[in-house]
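> After the structure tokens below, expect a handful of questions from me.
The values are calculated or read from the model by the stated rules, or taken from the named source; none is laboratory data. Not measured: the values here are computed from a predicted model. Using ideal geometry, Cβ is built from the backbone for each residue, glycine included, and neighbour counts are taken over all protein chains shown. For accessibility, only protein heavy atoms count, side chains too; no ligands or nucleic acids. Shrake-Rupley method; radii C 1.70, N 1.55, O 1.52, S 1.80 Å.
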Amino acid sequence: MKRFVYINDESYQNDYCDNQISNTKYTLWNFLPKNLWEQFRRFMNQYFLLIACLQLWSLITPVNPASTWGPLIVIFAVSATKEAWDDYNRYISDKQANEKKVWIVKNGARKHIQAQDIRVGNIVWIRENEEVPCDLVLTGTSEPQGICHVETAALDGEIDLKTRVIPTTCIGLDSEQLHKIKGVIECPIPDKDIRRFDANIRLFPPFIDNDICPLTINNTLLQSCYLRNTEWACGVAVYTGNETKLGMSRGVPEPKLTAMDAMIDKLTGAIFLFQLAVVVVLGSAGNVWKDTEARKQWYVKYDDDEPWYQILVIPLRFELLCSIMIPISIKVSLDFVKSMYAKFIDWDEEIYDQETDTPAHAANTAISEDLGQVEYILTDKTGTLTENKMIFRRCCIAGTLYGNESGDALKDIELLNAVADNSPHVIKFLTVMALCNTVIPIKSPSGTISYKAQSQDEDALVNAASNLHVVLVSKNGNNAEIHFNRRVIQYEILDILEFTSDRKRMSIVISDSQSGKIFLLSKGADEAILPLAYCGQQIKTFVDAVDKYAQLGLRTLCLGWRELSLEEYLEWSRLFKEANSALVDREWKVAEVCQKLEHTLDILGISAIEDRLQDGVPETIEILRQSGINFWMLTGDKQSTAIQIALLCNLISSEPKGQLLYINGKTEDEVARSLERVLLTMRITSSEPKELAFVVDGWALEIILTRYKEAFTELAVLSKTAICCRVTPSQKAQLVKLLKSCDYRTLAIGDGGNDVRMIQQAHIGVGISGREGLQAARAADYSIGKFRFLKRLILVHGRYSYNRTAFLSQYSFYKSLLICFIQILFSFVSGIAGTSLFNSVSLMAYNVFYTSIPVLTTVLDKDLSEKTVTQNPEILLYCQAGRLLNPSTFAGWFGRSLYHAIVVFLITIHAYANEKSEMEELSMVALSGSIWLQAFVVTLEMSSFTFLQFLAIWGNFAAFYVINLCISTIPTAGMYTIMFRLCRQPSYWITMLVSITIMFF
Amino acid sequence: MMMDGSAAGTSNGGSGADGDAARRNNTRMPKYSKFTQQELPACKPILTPKWVVSVFFLVGVVFVPVGVVSLLAAQDVVEIIDRYDHACVPPNMTDNKLAYIKNDTISKECTRILTVTKEMKQPIYVYYQLDNFYQNHRRYVKSRNDAQLRDYKKSNTTTSCDPERFTADGKPIVPCGLIAWSLFNDTYSFTRGKENLTVNKKDISWKSDREHKFAKNVYPSNFQNGALIGGKKLNSSIPLSEQEDLIVWMRTAALPTFRKLYGRIYVDLKANDTITVRLSNNYNTYSFGGKKKLVLSTATWLGGKNDFLGFAYLIVGGLCIFLAFAFTLLYLIKPRLVAFELRSITVK
């Protein structure tokens, strides 16, 4: 499917949507129905609605319908208001964006219009520091080289400036011509891939070059980017409104459900079944009693011939009586405490990173409890465990290893001498270092040069080269300028063969402006470059050097070059251009063409870059492993480097304490055998106190994941530690999925774009707002500044959240069951007819206020101090195993509520027997008994008390009396004077006191 | 997810740039406060053995005396209970009590002799007690209309009074509903020897009910006019606020066994006094096997003769003291460190 965009042609403009952005979920008209529909998709809400509707039938309702409708409407109104407010804010910001004034070309003249009126095909003019209003194909800029710089932070979170170039066919058009330009752009239908734009452009006569010219993402200005360091730029609108790359990728992510939520849902289901059972049993018993006993009770005056539906009346009454078993307030309470947990994370000073000025942030406010239940952590290496601050340390040029003694090649006299002596190999090596990259040098007014690089490795290489006097001074469009020993060398960059994670290398084709010679410069992973060496080159020294460096934990890159003949280049260049303008499978085609050029390289040497571990990484891993969390390291780096880093950060132990098992092989059989062997060892030694870990590389992993998934799953269960190297982003995500399928709680932590898929896949995604941009942090549920904060996030925040939610949710059921059991017990002394002991106001207030508010202060409860927890990380095992919320703890609470209900009820009916057994008084005595009990249960269950907790618990207690005394002054209310009477009776207070002591037993 | 955040960034483009500037100028470090850092001063009660033992001991020490006092109060109450529903049926009709109670031609008068066991100080409360009578039945308890009783303008509203809303010819009943319809109609009068013991029926209902729930200007109308007579008839010239028996009856009981105040006797009774009760046994409890009892009782600060609370306190208090001793012994014989004292917690 393609889209043809006719530049500046009014007649085609109406084929596509206008540029009106709409992020809103609702309109004014559909808000109510749509929002209600969304809310009623939840089972709980359907249940409450059904109950509320049943209550409208006055024959069966035990209480005033308002007692359910009231809370239901309040709860609905609260969440609807929140939605409406969010949506209104979105509407306002959309409106601002839509009404922003932009310049477009209409009928050959520039006009100022609102951004929402831009149509596909319009030419849009943007000035410096302005936001791009829709997706544009660049046609002109103020810079003579036809480039401009954009900041794409809003799109992908990367903060460096990116260079965008105008298509070759548009080069040289002046501003006057740009107004009149006509042509057609052939581009794919809108998609959300912000790294790809496989299109082409053809200008119509009279424009000189009406060949088809390929377009890539480098020729575009995407919506939401900012134009920087460029006076103006203009482009043709290709995607508008919600069809832009940004608009397409907007989407509501799947809400994540925590293990606790799932458990609470399950328990709710169980309670629901229990409720049905109660209804069936009591309903039938009620009908039997009615027929055998109630008909004899003449004063009840049952009719002898009743309509058939009378048989349903008593069961339905019990359904309504028991409907409070499922607490209506639990959802709201949970939402509240969860957002508090998230706030506590945002506010936490101790996980604020001073160095980069990043506070921790919980983007997903709903899953904090899961942090306390993590079983597997899958971590990226570079930038997550390490600082991602690359420093050029050593190199091996033409068989000589530099930087071995001092550990810093830049200070190695030999290398400095070699540079001074113009040693050809060294110079070539440094030239490749300086040129073979996508770094942008920026010259400050004072003359110093700084580099803007997307890759930290490239940054390190260019800086090292400049320290060794090969300085990349400027890069203007296709021209690069290098200063070497006060000599200026000009190069023209002909083509860039970009880095992809499949190719694992990048190359650049340059021509020396002086000699006109054409060179291919390549750099990449050793296994991607070394096989390309020309026949006869001795690569053994390089292989040895790579091994040696890897053992030191250094990242190695292999550099090579080749001189190209003009014919060869021209021939290849044509193919390359063709591949680049392909609309289908472009990436694959380009890779194939690139391979045609990248061969018979002259390997120049190996560079070794150090990436230091972040502070506190070994300690953090140690503590988290003590707390029973298993670590898997997933990295794109090579095996030996990965193992080295793993050793450094305590992930694995060296012999004899630990043992590393390798799964490798090139063919399927080899891999299968290797896997079998490892699995066998793992099974045998799993009882020994030896720390086993396995290592697998991306190649073997690919085979395993497609062929031997079951065996690998078993291995995954057995192994506490694993190192997976050379893995691609999708493999990372697959591994997460695999562990998830074994019912483990997984946490994925990473810092770069290649971790995004894994982060989104895992139960909990943690992003490190690192040097590789904010992509990972944006995609993650939690973002932190440093790896070591993970300790606090899990042990402190996760654990507290788990404990608090466990208490809150079970308590919510406890208090609902308590009141419900009292009702059920009362039905046994009221002829099983479904009389409600409590009046409507009390029932509603009990659920919504008296018992809901004090327990919310559980967000302040700390069972153990933060210090104790971090000193004894094993305690987290309790949370992981779900010790505080599971069917048996729930059964405990269930039993407790039954016991409390029986005691309260028995005490009440015995203390208030005979002449005192007045309905309203007795109901109030039972209710007060429940309130006293719940206040003491909350007090007993909390471990620490701040003044806020005291205030909430005892304030609520006092409020119960104040409210009920107030209601008792209203003659029309059901309980007129009741509370005053009770408070004056000594027997009331004596009854209360004995009610609470029963919780000691 | 990633785009979710940036969507906001697009639309309010300006603020993105401002935010960047602000970021450079001032730090994004969270503001310190004890609340945000979860460091509010908190007291942390730990249930050490000492604490537990002292609490139990204290509760025991408080509860036992309270229990004793309550029991003594209950013991002070003198109570005479006389079940008469069975005895008042003529001997020839004990097999068919229902026929007896339904036959209006048979006299329902009956005489009972009570002996005072202990001295009874005035006021002596006269109660009637019904057993197995479900005033709390769903159908019964809802069958009333409070607005009608309270407000003469609403005397025609009889909603929720089913099945006693209208007379056969469609006139609204005041007071409507099953409760009023089934008003208790046994009567008692007492003599000691020759001396008449007056039963004072004034102020037997709650003052608040007389003043606010039953109006002075609402009079019974169309009451007990149907084919089926439930209970007592009301004098239609007396306003509801003065129909105290009705008001008492309409304070429905929460339990199937209940007592309702019939009146008070302001005479001291001495031990071994014999009291003759003349009663008319009108009310039908025979159809459902309910008992009717006449109760004469004195009262104390704690109410009537109910030793439940006293025993409950003694049992709880005794149990607490026992546990306190048991725990102390256990602690002395086999001291066990509290988790908190152990410092490290073993998890199994």
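> Go through A:Gly247, A:Gly283 for me and flag whichever is more than 25 Å from the chain's Cα centre (by Cα) and assigned to a helix (DSSP H, G or I).
A:Gly283
> Hey, among A:Asn485, A:Asn437, which residue is in the same structural domain as A:Ala579 (by the TED database) and open to solvent by 50 Å² or more (accessible area, probe 1.4 Å)?
A:Asn485
> Another question about this same structure. When you go through (1) in a loop (DSSP other than H, G, I, E, B); (2) free of Cβ contacts under 8 Å to residues at least 24 places away in the same chain one by one for A:Arg119, which number turns out not to apply?
Against the list (1) in a loop (DSSP other than H, G, I, E, B); (2) free of Cβ contacts under 8 Å to residues at least 24 places away in the same chain, A:Arg119 comes up short only on (2).
> Further question on the same structure: Filter region A:465-474 down to residues that are within 12 Å of A:Val439 (Cβ to Cβ) and in contact with a Leu (Cβ under 9 Å, 6 or more places away or on another chain), then give me how many there are.
So the answer is 3.
> Search region A:286-316 for residues being outside any helix (DSSP H, G or I) and in contact (Cβ under 8 Å) with a residue 12 or more places away in the chain, and hand back the single one that is most open to solvent (accessible area, probe 1.4 Å).
If we filter region A:286-316 for residues that are outside any helix (DSSP H, G or I), which is where we start, we get A:295-297, A:301-309.
With the extra rule that they be in contact (Cβ under 8 Å) with a residue 12 or more places away in the chain, the set shrinks to A:297, A:302.
On the way: A:Gln297: 3, A:Tyr302: 35 Å².
Taking the candidates together, the pick is A:Tyr302.
> What residue, of B:Lys260, B:Lys202, B:Lys232, is assigned to a loop (DSSP other than H, G, I, E, B) and either in contact with a strand residue (DSSP E or B) (Cβ under 6 Å, 6 or more places away or on another chain) or within 14 Å of another protein chain (Cβ to nearest Cβ) (or both)?
B:Lys232
> Read through the list (1) exposed (fewer than 13 other Cβ atoms within 10 Å of the Cβ); (2) touching a residue at least 40 places away in the same chain (Cβ under 8 Å); (3) under 20 Å from B:Ile173 (Cα atoms); (4) of a type in the set (Lys, Arg), then give the number of the only condition that B:Arg150 fails.
It fails just one condition, (1).
Per-residue answers, yes or no, for (1) of a type in the set (Asp, Glu); (2) within 13 Å of A:Leu818 (Cα to Cα); (3) surrounded by 19 or more Cβ atoms within 10 Å (Cβ to Cβ):
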site	(1), (2), (3)
A:Thr851	no, yes, yes
A:Val855	no, no, yes
A:Thr858	no, no, yes
A:Phe890	no, no, yes
A:Arg896	no, yes, no
A:Ala913	no, no, yes
A:Ile931	no, yes, yes
A:Val937	no, yes, yes
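> If you scan region B:130-141, which residues turn out to be open to solvent by 10 Å² or more (accessible area, probe 1.4 Å) and under 21 Å from A:Lys916 (Cβ atoms)?
B:Asp131, B:Asn132, B:Tyr134, B:Val141
> Identify, please: which residue in region A:374-393 is open to solvent by 10 Å² or more (accessible area, probe 1.4 Å) and in a strand (DSSP E or B) and is, among those, farthest from the other protein chains (Cβ to nearest Cβ)?
Residue satisfying both the conditions and the ranking: A:Arg393.
> If you go through region B:303-327 one residue at a time, how many are open to solvent by 50 Å² or more (accessible area, probe 1.4 Å) and more than 12 Å from chain A (Cβ to nearest Cβ)?
Final tally of qualifying residues: 1.
> If you don't mind, there's one more thing I want to ask. Is it true that some residue in region A:549-561 is assigned to a strand (DSSP E or B), without any contact (Cβ under 8 Å) to a residue 24 or more places away in the chain and either crowded, with 21+ Cβ neighbours inside 10 Å or in contact with an Asp or Glu (Cβ under 6 Å, 6 or more places away or on another chain) (or both)? Give the derivation first.
Of all residues in region A:549-561, those assigned to a strand (DSSP E or B) come to A:555-561.
From what's left, without any contact (Cβ under 8 Å) to a residue 24 or more places away in the chain: none.
Taking every residue of region A:549-561 in turn, none turns out to be assigned to a strand (DSSP E or B), without any contact (Cβ under 8 Å) to a residue 24 or more places away in the chain and either crowded, with 21+ Cβ neighbours inside 10 Å or in contact with an Asp or Glu (Cβ under 6 Å, 6 or more places away or on another chain) (or both).
> Please state which one of B:Thr158, B:Thr111 is surrounded by 20 or more Cβ atoms within 10 Å (Cβ to Cβ) and either assigned to a loop (DSSP other than H, G, I, E, B) or away from every other protein chain (no Cβ under 14 Å) (or both).
B:Thr158
> While we're here: Which members of region A:53-105 meet the condition of being assigned to a helix (DSSP H, G or I), aliphatic (A, V, I, L, M) and under 18 Å from A:Val313 (Cβ atoms)?
At the first step, the residues of region A:53-105 found to be assigned to a helix (DSSP H, G or I) are A:53-54, A:66-99.
If we keep only those that are aliphatic (A, V, I, L, M) too, we end up with A:54, A:66, A:72-75, A:77-78, A:80, A:84, A:92, A:97.
A:Leu54, the sole residue that qualifies.
> While we're here: Would you confirm whether any residue within region B:279-302 is under 27 Å from the mean Cα position of the chain (by Cα), more than 23 Å from A:Arg295 (Cα to Cα), crowded, with 18+ Cβ neighbours inside 10 Å and without any contact (Cβ under 8 Å) to a residue 24 or more places away in the chain?
No.
> Here is a follow-up. Could you list, in sequence order, all residues of region A:614-665 that are open to solvent by 10 Å² or more (accessible area, probe 1.4 Å), within 28 Å of the chain's Cα centre (by Cα) and small (Gly, Ala, Ser)?
The answer is A:Gly616, A:Gly628, A:Gly636.
> Just checking: which of the strands (runs of 3 or more DSSP E) contained wholly in region A:708-804 hold 3 or more residues that are of a type in the set (A, V, I, L, M) and in the same structural domain as A:Leu661 (by the TED database)?
Output list reads A:746-750, A:764-768.
> Turning to a different aspect of this structure: For region A:970-977, does any single residue satisfy the condition of being modelled with pLDDT of 90 or more and open to solvent by less than 50 Å² (accessible area, probe 1.4 Å)?
no
> Collect the residues in region A:971-1001 that are aromatic (Phe, Trp, Tyr) and either more than 10 Å from every other protein chain (Cβ to nearest Cβ) or in a loop (DSSP other than H, G, I, E, B) (or both), keeping them in residue-number order.
The answer is A:Tyr976, A:Tyr988, A:Trp989, A:Phe1001.
> Now, a different point. Quick check on region B:72-100: of everything there that is open to solvent by less than 30 Å² (accessible area, probe 1.4 Å) and out of contact with any Ser or Thr (no Cβ under 8 Å at 6 or more places or on another chain), which residue is farthest from B:Ala326 (Cα to Cα)?
Among those that are open to solvent by less than 30 Å² (accessible area, probe 1.4 Å) and out of contact with any Ser or Thr (no Cβ under 8 Å at 6 or more places or on another chain), it is B:Tyr100.
> Here is a further query. Within 13 Å of chain B (Cβ to nearest Cβ), at pLDDT below 95 and within 30 Å of A:Met975 (Cα to Cα): which single residue out of A:Val869, A:Val903 fits that description?
A:Val903
> Looking only at region A:344-373, count how many residues are within 8 Å of chain B (Cβ to nearest Cβ) and closer than 22 Å to A:Ile264 by Cβ.
Qualifying residue count for the region: 1.
> Same structure, new question: Find the residue count for region A:318-350, including only residues that are aliphatic (A, V, I, L, M) and farther than 30 Å from A:Ser783 by Cα.
Number of matching residues: 6.
> Still on this structure, please answer the following. Considering only region A:562-597, state which residues are in a helix (DSSP H, G or I) and under 36 Å from the mean Cα position of the chain (by Cα).
Selection gives A:Ala579, A:Asn580, A:Arg586, A:Glu587, A:Trp588, A:Lys589, A:Val590, A:Ala591, A:Glu592, A:Cys594.
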